[in-house]
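The values are calculated or read from the model by the stated rules, or taken from the named source; none is laboratory data. Keep in mind that what you see is a predicted model, and the values were worked out from it rather than measured. Neighbour counts run over all protein chains shown; Cβ positions are idealised from the backbone, glycine included.
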Amino acid sequence: MRRRSIVALALLASFVGPSLSALAAARARGLPLVVRGAARAPARAAVVAMAKKGAKGGSKGASLQQKDQRAAKQASAARTFEDQTKQFMFTMLHLTKALPDGSRTLLKNINLCFYPGAKIGVVGLNGSGKSTLLKIMAGVDKEFDGQARPKDGISIGYLPQEPELTGETVDECMKNAMADGQRVLDRFTELSARLSEPLDEDEMQAVVDETARVQDQIEASNLWELERVVERATVALRCPPADAKTAVLSGGEKRRVALAALLIQGHDMLLLDEPTNHLDAASVGWLEQFLDTFTGTVVAITHDRYFLENTCKWILELDRGEGVPFEGSYSGWLQAKALKLAQEKKDDSALQRTLSNELEFIKQTPKGRASISKARLRRYDELANMPARERLAHSTQIYLPPGPRLGERVIEARGLRKTFGDRVLIDDLSFDLPRAGIVGIVGPNGAGKSTLLRTILGLEKPDGGELLIGETANIVCVGQDRDGLSDDKSVFVEITDNDNEISLGTSSVLSRAYVSWFGFRGTDQQKLVKNLSGGERNRVQLAKLVRSGANVLMLDEPTNDLDVDTIRSLEEALLDFAGCALVVSHDRYFLDRVATHILAFEGDSKVTYFEGNYAEYEEAYRARVGDEAAQPRPAKFAALA
């Protein structure tokens with residue numbers, strides 16, 4: 001097997017030149033998975049066409065016989081190349097994809113081959129073509145040039161950002177997902193029954209042979225454990241109850257059901273578009289463990305940097321239409337990316353510095369990471385006293401304008417109690433948010449996190465205890481709902497109301513500069529809101545709401561649909577924000593980077609207020625309840641007395 005792999009890479013290298021020689025050597029060392037290649041590999045039809053015209057590059061006096069021999073050799077090599085690519089799970093040759101109106105080319109001449117068992121994380125800016133790439137691989141998008149073909153006979157599972165469910169209830173969805181596996185089990189039962197029947201020698205041998213084949217299939221797909229796997233997946237991903245009607249599920253609930261159904265189907269290849277969206281941190285951890293033991297190929301688009309670091313062994317970056325693979329972890333890719341920028345002498349020292357800081361953060365111990373976020377608690381006066389003009393002069397990315405200076409009291413809860421129907425969501429919660437504090441709010445979906453935010457905003461009333469809001473607190477909430485945006489307005493008009501300047505605190509800035517801080521530069525500012533991706537709409541919403549100048553921000557899943565570059569920018573903006581923030585998030589890296597405190601909804605109506613970042617909280621929680629109890633389970637509530 002090793003020898004055949006080396007030969008395959010050698011053939012690829014012969015088509016694409018020296019760029020693949022390093023990959024061939026890597027494969028020879030036992031490093032398989034992704035190959036970037038075939039950049040100039042001619043398809044068979046192209047070779048035949050070249051033979052008819054006469055191959056280029058030969059001497060003018062070359063005989064017709066020599067030309068025919070050269071063309072035949074090239075055609076033979078192309079056939080050999082196609083034969084060798086059959087071992088790959090998926091092959092792309094000269095893949096090019098333009099927008100329907102022809103205004104932009106998303107993917108340019110991409111040439112990639114994926115080996116079995118590869119775990120690939122796809123990164124790139126919003127709008128760089130990541131979701132489009134997965135749609136093409138899944139066979140959903142067929143409008144492209146070039147080739148994109150899976151290995152014959154493999155099963156591919158695809159999780160889009162807005163999946164469609166196959167049943168009227170959650171239970172029906174799971175049964176549909178189990179159908180193929182259940183048919184194999186049912187066939188084994190039928191064959192076992194036949195073995196006890198009177199059969200002649202030939203019939204008996206045929207039944208024994210088929211039984212052996214079916215048993216091998218069952219064991220290869222672990223179908224003996226099918227029902228337990230289904231139960232484990234639906235519980236760990238916190239799916240709604242089995243009898244829940246799919247028509248009334250929220251978008252997040254539908255995604256969790258679709259993901260659970262996908263994982264139990266036993267596909268050879270998984271294409272996952274933002275699989276961690278709408279999962280809480282514990283469920284993301286379970287998903288990482290599942291994929292670690294999954295023997296098939298995984299291609300995942302994600303902004304979750306811990307997921308990239310823990311799960312992916314290759315990083316595929318989409319950069320200005322090109323697909324650039326890197327073999328190694330996410331932290332290794334960060335290091336290589338920073339080095340590449342330095343070697344190319346790009347005028348982007350801010351990006352180099354950001355990548356270096358992120359690499360350093362990932363390599364630190366949990367205590368070292370926590371010390372960084374806690375340090376901002378001691379910096380409130382420094383942040384509040386820095387002149388706005390000085391801040392604006394150095395801003396090239398997201399900037400959160402400060403509101404009035406905070407007093408000693410920001411938000412304080414004393415024995416807070418909140419119910420919903422006959423359930424107690426929050427019982428006896430006490431906390432005191434310090435100035436410059438950033439509180440990460442974590443817990444299962446439906447546990448009461450959004451209800452807590454609504455209560456702080458005054459949209460809900462406490463059912464017990466006290467909730468005190470400081471007189472100087474000016475609160476702005478950026479929720480998950482993007483329905484307030486006007487589809488027919490441009491990005492610039494939606495954010496700025498078409499004003500030339502925007503007032504930020506005691507200073508002002510040109511509107512086009514402000515909009516550019518949120519990733520919309522040049523002609524992107526003229527895009528219509530209705531044509532934006534989910535991440536782009538998220539950025540518009542954020543830019544529109546924070547311009548008013550609050551000193552307390554509430555952010556409900558702010559990293560959903562954002563690309564990693566924008567999340568980094570948001571992290572830096574929060575760390576430099578002269579105020580407080582309450583952030584509902586499942587992104588563990590984001591929480592470790594910015595959170596000074598954690599509010600954790602732990603089940604049975606208990607909400608714990610913890611000083612430290614998420615990694616510190618998780619370590620303390622596991623020490624308190626044990627590893628088994630810390631596994632994700634459906635949210636539980638105390639009954640209303």
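Across segment 495-506, which residue is modelled with the lowest pLDDT among those that are buried (at least 20 other Cβ atoms within 10 Å of the Cβ) and touching a strand residue (DSSP E or B) at 6+ places or on another chain (Cβ under 9 Å)?
502
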Original post:
Any residue at all in segment 518-538 that is assigned to a helix (DSSP H, G or I), in contact (Cβ under 8 Å) with a residue 40 or more places away in the chain and under 20 Å from residue 438 (Cβ atoms)?
Top reply: yes
**OP:** Determine which single condition residue 334 fails, assuming it passes every other condition in (1) without any contact (Cβ under 8 Å) to a residue 60 or more places away in the chain; (2) within 28 Å of residue 153 (Cα to Cα); (3) of a type outside the set (S, T, N, Q).
**Re:** (2)
**OP:** Might you check whether a residue that is within 30 Å of residue 233 (Cα to Cα), modelled with pLDDT under 85 and part of a helix (DSSP H, G or I) occurs anywhere in segment 355-364?
**Re:** yes
Original post:
From the residues in segment 555-580 that are surrounded by fewer than 23 Cβ atoms within 10 Å (Cβ to Cβ) and closer than 17 Å to residue 453 by Cα, which one is nearest to the chain's Cα centre (by Cα)?
Top reply: 557
**OP:** Could you check, for segment 587-596, whether at least one of its residues is in contact (Cβ under 8 Å) with a residue 40 or more places away in the chain, under 9 Å from residue 440 (Cα atoms), more than 22 Å from the chain's Cα centre (by Cα) and surrounded by fewer than 24 Cβ atoms within 10 Å (Cβ to Cβ)?
**Re:** yes
Subject >> Those residues of segment 271-284 which are outside any loop (DSSP other than H, G, I, E, B) and farther than 16 Å from residue 236 by Cβ, in sequence order >> reply: 271, 273
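Applying the selection to segment 261-270, what residues are out of contact with any Cys (no Cβ under 8 Å at 6 or more places or on another chain) and part of a helix (DSSP H, G or I)? Don't jump to the end; show me each part of the working.
Initial filter on segment 261-270 (out of contact with any Cys (no Cβ under 8 Å at 6 or more places or on another chain)): 262-270.
Passing the criteria: 262, 263.
For residues that are of a type in the set (Lys, Arg) and within 34 Å of the chain's Cα centre (by Cα), scanning just segment 397-432, find the one that is farthest from residue 449 (Cα to Cα). Full working, then the answer.
Initial filter on segment 397-432 (of a type in the set (Lys, Arg)): 405, 409, 414, 417-418, 423.
Applying the additional criterion that residues be within 34 Å of the chain's Cα centre (by Cα) yields 418, 423.
Working: 418: 11, 423: 14 Å.
Filtering segment 397-432 for residues that are of a type in the set (Lys, Arg) and within 34 Å of the chain's Cα centre (by Cα), the one farthest from residue 449 (Cα to Cα) comes out as 423.
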Subject >> strands (runs of 3 or more DSSP E) wholly inside segment 115-218 containing at least 2 residues that are out of contact with any helix residue (DSSP H, G or I) (no Cβ under 8 Å at 6 or more places or on another chain) >> reply: 145-150
Original post:
Hey, among 512, 454, which residue is more than 16 Å from residue 549 (Cβ to Cβ), out of contact with any Leu (no Cβ under 7 Å at 6 or more places or on another chain), outside any strand (DSSP E or B) and without any contact (Cβ under 8 Å) to a residue 12 or more places away in the chain?
Top reply: 454
Subject >> segment 539-580 - residue that is modelled with pLDDT of 85 or more, charged (D, E, K, R) and part of a helix (DSSP H, G or I) and, of those, nearest to residue 502 (Cα to Cα) >> reply: 544
